[in-house]
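So the structure is just underneath, and the comments pick up after that.
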Amino acid sequence: IAKVPTGPVVSLITAVYNNESHLRDALESAKSQDYPHIEHIIIDGGSTDGTLEILEDYREEIALVISEPDSGIYDALNKGIRNASGTYIAFLHSDDVFDNPAALRRLVEASEHSNAEFCCSDVVIVDRDSDEIIRFYMAQYFRTWLFKIGWMPPHPGCLFKRSLHDEFGLYSTKFKIAGDFDFMVRMFFSRTIRWTYVNNITMRMRRGGASN
């Protein structure tokens, strides 16, 4: 795979807990990306299965592993953000995989071209066993007023400027699965956010995760 020579660093954050069955797929997916400037940060909640052994197999591709108990997914993601040094932040959950090798590159290129602080794309939800597509989660219709009826762009298909978290804070740990919605509402209704959309499926989410 041809690698692009220059570009800003993307801090890719993966939260995992006892997911030896699918973690390797996620790590291979990150490794396959043709965007070379990736700082992959793994936040493990203190797994007791084979998760840590799998992470050891990928130590050359991983920038940082933190393994300790946490109070939920948003606590884990916040740990990743605090330790991130990239210009951009993206998320790859341990059940999910990138749809194609150019996924991250397309998000970065769109953001850089339009000077966007936030970039969203489409994702698909697939069956855990067969990988059959069950649902298209499209971001092309995103408008900020849709937050008022409970709709948001698919979080795993989004790229955030790190500066947004510096400005608006981290994810609230008061929510079990709605911390990303809460953060985007705080972000978009505080001021005008420069954002763009990539007409591309970037992520394949396995059905059965915490939010679906």
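The values are calculated or read from the model by the stated rules, or taken from the named source; none is laboratory data. Note that this is a predicted model, so its numbers are computed, not measured. Neighbour counts run over all protein chains shown; Cβ positions are idealised from the backbone, glycine included. Accessible surface areas use protein heavy atoms only, side chains included; no ligands, DNA or RNA. Shrake-Rupley method; radii C 1.70, N 1.55, O 1.52, S 1.80 Å.
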Condition first: more than 27 Å from Phe181 (Cβ to Cβ) and hydrophobic (A, V, I, L, M, F, W, C). Can you find one or more residues in the range 92-112 that meet it? yes
Across the range 166-180, which residue is nearest to the chain's Cα centre (by Cα) among those that are open to solvent by 60 Å² or more (accessible area, probe 1.4 Å) and under 19 Å from Arg191 (Cα atoms)? Asp166
With (1) open to solvent by less than 20 Å² (accessible area, probe 1.4 Å); (2) outside any helix (DSSP H, G or I); (3) out of contact with any strand residue (DSSP E or B) (no Cβ under 8 Å at 6 or more places or on another chain) as the list, and Phe183 as the residue in question, which single condition is left unmet? (2)
Quick check on my filter: what residues within the range 25-61 are open to solvent by less than 20 Å² (accessible area, probe 1.4 Å), in contact with a Ser or Thr (Cβ under 6 Å, 6 or more places away or on another chain) and charged (D, E, K, R)? Asp44
Mind listing just one residue for me: the one in the range 77-130 that is in contact with a helix residue (DSSP H, G or I) (Cβ under 7 Å, 6 or more places away or on another chain) and of a type in the set (S, T, N, Q) and, of those, most open to solvent (accessible area, probe 1.4 Å)? Thr87
Being among the small types (Gly, Ala, Ser), in a loop (DSSP other than H, G, I, E, B) and either at positive phi or open to solvent by 40 Å² or more (accessible area, probe 1.4 Å) (or both) is true for just one of Ser163, Ser190. Which residue is that? Ser190
Taking only the range 48-101 into account, find how many residues are in contact with a Gly (Cβ under 7 Å, 6 or more places away or on another chain) and of a type in the set (Phe, Trp, Tyr). 1
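Test of understanding: among Arg105, Arg135, which residue is at pLDDT below 95 and charged (D, E, K, R)? It would help to see each step written out before you state the result.
On the way: Arg105 fails: at pLDDT below 95.
When all the criteria are applied, what remains is Arg135.
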Arg206 versus (1) open to solvent by 40 Å² or more (accessible area, probe 1.4 Å); (2) under 24 Å from Ser21 (Cα atoms); (3) of a type outside the set (Phe, Trp, Tyr): which is the lone unmet condition? (1)
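Among residues belonging to the range 138-152 that are free of Cβ contacts under 8 Å to residues at least 40 places away in the same chain and surrounded by 11 or more Cβ atoms within 10 Å (Cβ to Cβ), point out the one that is farthest from Ala15 (Cα to Cα). Step through it out loud before you land on a result.
From the range 138-152, those free of Cβ contacts under 8 Å to residues at least 40 places away in the same chain are 138, 141, 143, 145-146, 148-152; that's our starting set.
Next cut, surrounded by 11 or more Cβ atoms within 10 Å (Cβ to Cβ) only: 138, 146, 151-152.
On the way: Met138: 24, Leu146: 28, Trp151: 24, Met152: 21 Å.
Ranking the qualifying residues of the range 138-152, first place goes to Leu146.
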Considering every residue within the range 31-41, establish whether at least one is closer than 22 Å to Ile201 by Cβ, over 12 Å from the mean Cα position of the chain (by Cα) and assigned to a helix (DSSP H, G or I). yes
